[in-house]
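The values are calculated or read from the model by the stated rules, or taken from the named source; none is laboratory data. All values derive from a computational prediction rather than experimental measurement. Note: ideal-geometry Cβ built from the backbone for every residue, glycine included; neighbour counts use all protein chains shown. Note: areas computed on protein heavy atoms with side chains; ligands, DNA, RNA excluded. Shrake-Rupley method; radii C 1.70, N 1.55, O 1.52, S 1.80 Å.
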Amino acid sequence: MARILITSALPYINGIKHLGNLVGSQLPADLYARYNRGRGNEVMFLCATDEHGTPAELAAAKAGKPVADYCAEMHEVQADIAKRFGLSFDHYGRSSSPQNHALTQHFAGKLEEAGLITEVSEKQVYSNADGRFLPDRYIEGTCPNCGFEKARGDQCEECTKQLDPTDLINPRSAISGSTDLEVRETKHLFLRQSAMRDQLDQWIDSKSDWPVLTTSIAKKWLHDGDGLQDRGITRDLDWGIAVKKGTEDWPGMEGKVFYVWFDAPIEYIAAAGEWAEAHGKSDADWERWWRTDKGADDVKYVQFMGKDNVPFHTLSFPATLLGSGEPWKMVDHLKSFNYLNYDGGQFSTSQGRGVFMDQALEILPSDYWRWWLLSHAPESSDSEFTWENFQQSVNKDLADVLGNFVSRITKFCRSKFGEQVPEGGAWGEQEQALIEELSTRIGAYERHMEAMEVRKSAQELRAIWVAGNEYLQSAAPWSVFKEDPERAAGQVRLGLNLIRLYAVLSTPFIPDFAEKILINNHFANEKERARAALKLLGDDPIDISKAVSWPEDVAAALAALPAGHAFTVPEVLFAKITDEQREEWQARFAGGRDA
């Protein structure tokens with residue numbers, strides 16, 4: 001049994017995320033977590049809300065609430081939506097937690113001891129109209145490198161070049177739009193990333209199995225222009241983690257907080273501490289996941305994120321961990337994604353353009369969205385959501401292939417044999433050929449899932465569904481029944497066991513479908529399923545753990561439900577999307593939602 005630590009990029013607190021955010025990190029991370037649990041591995045899947053920084057302050061001000069209250073409320077909102085999307089976090093934490101405060105201050109102290117923190121008097125942009133220093137990302141202007149007119153003061157999203165606000169041409173406040181800016185002197189702490197460039201370069205070179213997207217972005221930051229630059233890790237803000245050296249005050253840094261991009265990745269570790277506290281566990285229980293001197297040396301650590309987060313996870317966060325001189329678990333594999341665009345343009349939180357997670361669940365169950373997003377994940381390039389493609393994929397894949405198979409075999413069995421697995425009939429050449437095909441395809445499915453090849457995994461899973469339909473069409477038990485009812489019974493028994501097999505294999509992609517097929521209750525941790533009773537496939541006292549186990553032996557898996565086992569015929573598992581619905585939704589989500 002392997003031990004797998006999985007973290008997803010933290011969603012920011014200032015609003016409900018759209019589907020592009022979801023498929024760029026949390027959803028594929030959940031896919032991988034569910035798959036590994038299904039294979040019997042020990043999984044720790046962590047995420048949290050990212051709660052510090054100016055955007056949180058501005059969102060709270062707009063809502064007319066104290067920022068701490070606003071963040072607490074939005075955390076609950078995001079946690080609820082994540083649960084309804086079937087995201088099976090072991091813990092969904094908060095970057096404002098006491099654990100993250102303590103750990104962030106601890107790391108800062110260790111980095112200072114190692115000579116990797118320097119105090120810099122710098123000139124920072126102050127907006128007279130806004131009455132405040134402007135964080136880098138709240139200054140916009142033209143990128144001096146590529147000419148993009150909406151570059152931010154910390155990074156150009158177009159060419160990904162790291163910037164300082166004073167680099168921008170024609171800068172303006174992103175809050176008010178005011179150009180009444182002046183430069184004032186202030187002191188801040190900088191992480192000396194440049195001193196660790198060679199060490200980081202060698203570490204990245206050791207990751208031969210990382211996606212090209214990941215390594216190319218990291219290498220660009222390391223070597224573009226003057227190479228990796230030192231990074232400011234403090235800000236002049238009220239909301240955040242107070243600047244301290246461990247538990248001690250930091251002279252000259254009074255009233256300042258750590259930069260959100262310094263403390264947010266540390267929350268991955270802190271979330272494990274939160275998990276331990278929430279479940280009455282000891283520090284040793286979370287440290288065995290994160291400290292290589294306390295048991296984490298055999299952990300495989302995988303991160304999931306959009307490409308815009310890659311520089312901080314390949315350089316800044318590793319610099320923090322390595323620079324501390326302590327034995328922290330470093331990421332083994334970083335799975336990055338390109339962008340999902342929306343219907344001829346881009347998702348826009350500010351303009352309300354596109355489908356947001358709460359809205360998606362208002363119109364269709366989560367499995368519809370999970371299937372489309374994962375089967376169209378933007379891995380090798382950007383991908384695009386269109387309503388026509390969504391309709392086609394749902395109708396053909398979920399309704400016509402998977403749903404239709406379940407409906408045909410259960411309804412036929414009920415009409416000829418009743419609502420129980422029929423007796424009689426032995427497997428012949430057709431059944432053996434199906435077993436061989438499924439064995440080959442399941443092996444390919446497993447290899448793609450192990451490699452985190454999301455789209456290829458979806459394609460193989462669909463092919464597995466198709467194989468069952470082709471068998472059913474070829475075997476034609478409805479015709480065989482007229483001449484040889486016993487042989488038809490054997491074919492139907494195989495078909496009913498295929499439903500169970502499909503539910504197990506499909507759980508990582510469409511867990512609600514699996515729940516309807518297999519169990520009465522939903523558990524965030526699938527290991528609990530062994531205690532549950534089967535639902536669609538009945539409540540008979542069979543070996544439940546066998547019924548929900550991964551099919552290591554396909555022939556044995558197709559005999560898991562014995563003759564006489566009761567089942568119920570389901571209602572429509574996947575309703576087709578009509579042209580009228582598609583047109584209505586396309587018009588509804590063209591823009592206009594309040595930011």
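Overview of results
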{"item": "Boolean, residue 113 is closer than 30 Å to residue 183 by Cβ and open to solvent by 40 Å² or more (accessible area, probe 1.4 Å)", "result": "no"}
{"item": "Inter-residue pairs, beta-carbon under 8 Å, first acidic (Asp, Glu) and in the stretch 374-392, second in a helix (DSSP H, G or I) and open to solvent by 30 Å² or more (accessible area, probe 1.4 Å), 6+ apart", "result": "379/455; 388/582"}
{"item": "Residue match in the stretch 257-273 (condition: in contact (Cβ under 8 Å) with a residue 24 or more places away in the chain and either on the phi > 0 side of the Ramachandran plot or surrounded by fewer than 20 Cβ atoms within 10 Å (Cβ to Cβ) (or both))", "result": "no"}
{"item": "Extreme residue, least open to solvent (accessible area, probe 1.4 Å), among residues of the stretch 408-429 that are of a type in the set (S, T, N, Q) and modelled with pLDDT under 95", "result": "410"}
{"item": "Members of the stretch 1-24 found to be among the aliphatic types (A, V, I, L, M) and either in contact with a strand residue (DSSP E or B) (Cβ under 8 Å, 6 or more places away or on another chain) or at pLDDT below 95 (or both), listed by number", "result": "1, 2, 4, 5, 6, 9, 10, 13, 16, 19, 23"}
{"item": "Residue identified as open to solvent by 60 Å² or more (accessible area, probe 1.4 Å) and of a type in the set (Phe, Trp, Tyr) among 148, 133", "result": "148"}
{"item": "Within the stretch 233-252, tally of residues that are surrounded by fewer than 20 Cβ atoms within 10 Å (Cβ to Cβ) and touching a Phe, Trp or Tyr at 6+ places or on another chain (Cβ under 6 Å)", "result": "2"}
{"item": "Where a residue in the stretch 96-121 is assigned to a helix (DSSP H, G or I) and its partner, wherever it lies, is surrounded by fewer than 21 Cβ atoms within 10 Å (Cβ to Cβ), with Cβ under 6 Å and at least six apart", "result": "105/244; 105/246; 106/246; 107/324; 109/245; 109/246; 110/324; 112/245"}
{"item": "Index of the failed condition, residue 460 passing every other in (1) over 25 Å from the mean Cα position of the chain (by Cα); (2) of a type in the set (D, E, K, R); (3) buried (at least 20 other Cβ atoms within 10 Å of the Cβ)", "result": "(1)"}
{"item": "Selection within the stretch 578-589 - more than 26 Å from the chain's Cα centre (by Cα) and assigned to a loop (DSSP other than H, G, I, E, B)", "result": "578"}
{"item": "Number of positions in the stretch 1-55 that are within 15 Å of the chain's Cα centre (by Cα), polar (S, T, N, Q) and under 24 Å from residue 339 (Cα atoms)", "result": "6"}
{"item": "Single residue of the stretch 255-285 satisfying the filter (outside any helix (DSSP H, G or I) and farther than 11 Å from residue 91 by Cα) that is farthest from the chain's Cα centre (by Cα)", "result": "255"}
{"item": "Number of the exception - residue 77 against (1) of a type in the set (A, V, I, L, M, F, W, C); (2) open to solvent by less than 30 Å² (accessible area, probe 1.4 Å); (3) touching a residue at least 60 places away in the same chain (Cβ under 8 Å)", "result": "(2)"}
{"item": "Complete set of residues in the stretch 193-231 that are open to solvent by 80 Å² or more (accessible area, probe 1.4 Å) and among the β-branched types (Val, Ile, Thr)", "result": "212"}
{"item": "Cβ-Cβ under 8 Å pairs, at least 6 apart or on other chains, the stretch 217-244 side at positive phi, far side open to solvent by 50 Å² or more (accessible area, probe 1.4 Å)", "result": "225/161; 227/194; 227/197"}
{"item": "Residue match in the stretch 471-491 (condition: among the aliphatic types (A, V, I, L, M) and open to solvent by 10 Å² or more (accessible area, probe 1.4 Å))", "result": "yes"}
{"item": "Number of the condition not met by residue 161 [criteria: (1) charged (D, E, K, R); (2) buried (at least 17 other Cβ atoms within 10 Å of the Cβ); (3) in contact with a strand residue (DSSP E or B) (Cβ under 6 Å, 6 or more places away or on another chain)]", "result": "(3)"}
{"item": "Residue under evaluation residue 499, criteria (1) within 17 Å of residue 412 (Cβ to Cβ); (2) crowded, with 21+ Cβ neighbours inside 10 Å; (3) modelled with pLDDT of 95 or more, criterion not met", "result": "(3)"}
{"item": "Residue match in the stretch 170-184 (condition: modelled with pLDDT of 90 or more, open to solvent by 80 Å² or more (accessible area, probe 1.4 Å) and within 30 Å of residue 106 (Cβ to Cβ))", "result": "no"}
{"item": "Pair list, Cβ < 8 Å and 6+ apart or interchain, from the stretch 157-177 residues that are over 15 Å from residue 231 (Cβ atoms) to residues that are open to solvent by 60 Å² or more (accessible area, probe 1.4 Å) and at pLDDT below 85", "result": "166/123; 174/137"}
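Conditions (1) surrounded by fewer than 17 Cβ atoms within 10 Å (Cβ to Cβ); (2) among the hydroxyl-bearing types (Ser, Thr, Tyr); (3) on the phi < 0 side of the Ramachandran plot, marked per residue:
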{"site": "553", "(1), (2), (3)": "yes, no, yes"}
{"site": "560", "(1), (2), (3)": "no, no, yes"}
{"site": "563", "(1), (2), (3)": "yes, no, yes"}
{"site": "568", "(1), (2), (3)": "yes, yes, yes"}
{"site": "571", "(1), (2), (3)": "yes, no, yes"}
{"site": "581", "(1), (2), (3)": "yes, no, yes"}
{"site": "585", "(1), (2), (3)": "no, no, yes"}
{"site": "589", "(1), (2), (3)": "no, no, yes"}
